[in-house]
Amino acid sequence: MRPHPVLALVAANLRRHSRDRVGLFFIVVMPFVSIIFVGMALGGGAAAARLPVGVVAQESDPVAAAVLAELRAHPDLEIKTVGGEEELRAGVRGGALAAGVVIPPGSTRFELVMTQSSGSGMAARSAVDASVGRVAGVIEATRAATSAGASPAHAAELVRRAQAASADVEVVGSDTASATPRGFAYTAPANLLLFTFINSMAVAAALVESRRIGMLPRAFTAPVRRGAVLFGEALSRFLVAAAQAVLIMVVSSLLFGVSWGEPFGVAAVVGVFALVATGAAILMGSLVRSSAQPSAIGPPLGIVLGMLGGCLWPAEAAGPTLDTIGHLFPHAWGMDALLTLSRPGTGLGDVLLEVAVLGLMAAVLLSLSLVLFSRRTRTL
Amino acid sequence: MTDTLTCANLSKSYGGVVAVRDVGFTIAPGEAYGLLGPNGAGKTTTISMLVGLLKPDTGTVVVGGADLSADPMAAKAKIGYVPQEIALYPDLTGRENLRFFCRLFGLPRKAVRARVEEVLDLVGLADRADAKLDTYSGGMKRRINIGAALLHRPELLILDEPTVGVDPQSRKSILDGLERLVADGMALLYTSHYMEEVERVCDRIAIVDHGSIVAEGTRHELVALVGGADRIELTLDGDVDTALAKLRGLGGVTEAVRTAAGSVRLIAEGGRYLLPSVISTVDGIAAVTAVEVVEPDLEATFLHLTGNTLRD
Ligand SMILES: Nc1ncnc2c1ncn2[C@@H]1O[C@H](COP(=O)(O)OP(=O)(O)O)[C@@H](O)[C@H]1O
Ligand SMILES: [Mg+2]
């Protein structure tokens with residue numbers, strides 16, 4: 001059997017990367033350092049702590065008092081009484097509260113305020129549901145409370161309404177639904193994009209070296225098609241980018257419980273983003289002269305693009321202008337897509353636009369960079 | 001019998017600069033052919049066109065019957081090319097580099113291991129095969145650089161100045177190795193600006209200058225072009241320019257050039273008998289501190305043909 005020249009190039013390049021200890025450190029260790037530290041700073045690390053749930057209620061209202069008592073008794077929840085609805089929503093949006101419950105006086109129609117994409121919000125919701133579901137106990141308390149003052153008719157009315165209430169707990173939050181999740185759910189995808197890109201740029205150093213020492217011209221003198229050599233070089237970089245992304249996904253879901261979402265959607269987004277990173281790496285490998293430059297230029301460039309794309313802090317914190325500028329570059333689209341996919345019930349169909357934009361960017365970058373690279377390696 | 005290499009009418013210009021002008025030659029199977037010329041003569045440019053790295057402006061290249069432009073895969077498979085620089089992965093070992101080239105040249109998977117060991121022995125690097133290339137000495141790098149071109153048993157080995165920057169011992173080992181390969185039947189295209197190397201290794205030599213072949217033949221034929229002339233190397237102390245002008249007018253002197261600050265080279269018919277008049281010619285202008293009369297050689301031929309020296 002004859003070995004394929006593309007495989008020869010890929011094997012040699014991957015072996016070279018595996019010898020580069022600094023490079024490996026940046027691929028294997030750094031992303032997780034970043035995920036953990038930023039993730040804890042953003043409040044996702046305290047998995048064992050009780051979920052903070054804010055409540056707006058008048059304790060004098062008998063129903064509210066009973067529900068509150070039930071919630072306070074829940075082992076997973078830490079109930080904080082909040083002055084008003086605005087404050088509550090702000091707390092949820094800002095991440096200080098996992099969720100919020102509004103109990104209007106004299107009503108059994110509670111409002112649950114949470115961000116749809118936040119894992120801790122989901123957990124809080126099920127806890128609140130359980131509490132409210134145990135409304136029979138609440139009714140008993142209500143009856144006991146009202147037997148002193150309220151008329152029986154009023155009490156019965158309260159019972160009926162309280163029974164219906166469990167079905168009426170509703171998720172409110174069209175205004176908060178798109179908020180960026182906190183903790184690892186945010187830092188894992190953010191660092192996936194950040195490090196896939198940065199490390200792709202850094203490994204372009206090997207590409208510059210191959211060019212500079214005349215390795216590629218020499219390869220072109222073998223009975224191998226020019227396209228095969230270029231494809232082999234591109235595939236080598238793509239595999240590094242893809243390996244980086246897969247490593248972050250696997251480790252973050254095993255260690256930090258990050259759920260990435262529907263596999264086809266995630267594969268499509270990560271795949272096209274890795275292609276974008278490959279194109280950028282080859283462009284870098286064609287443009288610079290010395291093999292020290294990619295590791296000097298790559299990380300700062302990757303960090304700036306990451307900033308604009310919401311990989312260092314949530315996009316909404318940056319404001320609409322920066323967000324618009326960010327969408328000129330791949331990171332913002334990747335971030336949008338991965339955050340969308342991390343919400344339950346979403347899939348490839350919900351990120352088609354992002355995948356298409358990234359695919360277009362990859363196509364432009366790859367064709368441009370390969371033409372340039374081919375030119376740069378033509379002569380000795 | 002099919003020639004191993006035939007090239008004809010090769011030309012290449014960079015912008016307005018003509019790097020190679022109408023170059024053509026033929027290499028027979030098992031023949032060692034040399035391109036001898038100073039830096040900038042167009043040797044690398046010519047080779048680049050022969051190995052398919054550079055598209056010639058005009059001309060054709062046929063390797064072992066396969067036309068390079070019509071059937072590049074077949075033509076390239078017959079050539080082993082050793083570039084002037086060390087074009088190997090510095091962060092891989094010698095063995096890994098050779099294995100890579102085996103795969104690139106499509107050697108059958110089963111044959112790779114044995115062939116790599118053979119070539120490692122051939123270039124004398126079996127004991128350092130598992131060290132990374134960036135730990136090799138300059139001479140070792142040169143040898144593995146050549147080894148990488150031998151793996152697929154090419155019909156023609158093309159080397160671009162393979163001894164530049166190499167210590168004398170490594171140079172000797174490289175030249176010995178090349179002679180063994182030629183003895184075993186491999187054809188060679190050797191380029192250098194070192195006359196002694198080309199004289200030693202090559203059966204036939206083309207002298208190139210300013211992009212053109214100015215003469216071609218065996219060493220014997222080329223030296224005969226100078227006729228019975230000798231080469232005289234003078235070291236002078238005094239007004240060298242005036243001395244040079246006077247020497248040019250001396251009967252029998254066909255060429256006179258300055259090779260260094262106080263050094264003058266003459267080509268003169270029956271030079272050894274001319275020495276007394278040479279010395280009296282410069283008398284009073286410069287003192288002759290050293291004289292060497294050299295039998296005609298390629299250096300003399302080069303000077304005779306181009307009015308220049310091989311080394312600057
Ligand atoms: N890529 C290039 N661009 C412009 N000029 C070149 C290029 N390559 C070679 N030359 C010119 O062509 C001439 C021949 O160069 P080269 O083939 O490298 O000579 P040699 O190998 O004999 O030293 C020189 O004058 C050199 O400056
Ligand atoms: Mg040269």
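Quick notes
- When A:Val10, A:Val38 are checked against the criterion of being more than 17 Å from A:Ala202 (Cβ to Cβ), within 11 Å of chain B (Cβ to nearest Cβ) and buried (at least 18 other Cβ atoms within 10 Å of the Cβ), a single residue qualifies: A:Val10.
- A residue that is away from ligand 2 (no atom under 16 Å from the Cβ), in contact with a Leu (Cβ under 6 Å, 6 or more places away or on another chain) and assigned to a helix (DSSP H, G or I) occurs somewhere in the stretch B:76-96.
- Among the candidates A:Val246, A:Val224, A:Val258, residue that is within 14 Å of another protein chain (Cβ to nearest Cβ) and of a type in the set (A, V, I, L, M): A:Val224
- Yes/no for B:Lys132 being of a type in the set (D, E, K, R) and at pLDDT 95 or above: yes
- Only listed residue being assigned to a helix (DSSP H, G or I), more than 14 Å from chain A (Cβ to nearest Cβ), of a type in the set (Gly, Ala, Ser) and more than 16 Å from ligand 1 (Cβ to nearest atom), chosen from B:Ala243, B:Ala256: B:Ala243
- Among the numbered conditions (1) away from ligand 2 (no atom under 16 Å from the Cβ); (2) farther than 25 Å from B:Val116 by Cβ; (3) of a type in the set (Phe, Trp, Tyr), the only one that B:Tyr14 does not meet is (1).
- Subset of the stretch A:53-105 [at pLDDT below 75, farther than 16 Å from A:Val128 by Cβ and in a helix (DSSP H, G or I)]: A:Pro62, A:Gly94
- Restricting the search to strands (runs of 3 or more DSSP E) fully inside the stretch B:157-234 and requiring at least 3 residues that are within 16 Å of ligand 2 (Cβ to nearest atom) and surrounded by 21 or more Cβ atoms within 10 Å (Cβ to Cβ) gives B:187-192, B:204-209.
- Pairs are defined by a Cβ separation below 7 Å, a sequence spacing of at least 6 or placement on different chains, a first member in the stretch B:157-174 that is basic (Lys, Arg), and a second member that is modelled with pLDDT of 90 or more and within 16 Å of ligand 2 (Cβ to nearest atom); the pairs so defined are B:Arg171/B:Thr163.
- When we screen B:Gly30, B:Gly52 for residues that are without any contact (Cβ under 8 Å) to a residue 60 or more places away in the chain, part of a loop (DSSP other than H, G, I, E, B), within 24 Å of B:Gly185 (Cα to Cα) and more than 13 Å from ligand 1 (Cβ to nearest atom), the only hit is B:Gly52.
- Yes/no for B:Cys102 being crowded, with 17+ Cβ neighbours inside 10 Å, away from ligand 2 (no atom under 16 Å from the Cβ) and outside any helix (DSSP H, G or I): no
- Each residue in the stretch B:121-135 was checked for being over 13 Å from B:Asn97 (Cα atoms) and either touching a residue at least 12 places away in the same chain (Cβ under 8 Å) or not in a helix (DSSP H, G or I) (or both), and 3 of them qualify.
- Hits in the stretch B:91-114 - residues which are of a type outside the set (Asp, Glu), in contact with a strand residue (DSSP E or B) (Cβ under 8 Å, 6 or more places away or on another chain) and facing chain A (nearest Cβ under 7 Å): B:Leu92
- Out of B:Tyr14, B:Tyr81, sole residue that is within 14 Å of chain A (Cβ to nearest Cβ), within 11 Å of ligand 1 (Cβ to nearest atom) and aromatic (Phe, Trp, Tyr): B:Tyr14
The values are calculated or read from the model by the stated rules, or taken from the named source; none is laboratory data. Predicted model, so just to flag it, every value in this text is computed and none were measured. Using ideal geometry, Cβ is built from the backbone for each residue, glycine included, and neighbour counts are taken over all protein chains shown.
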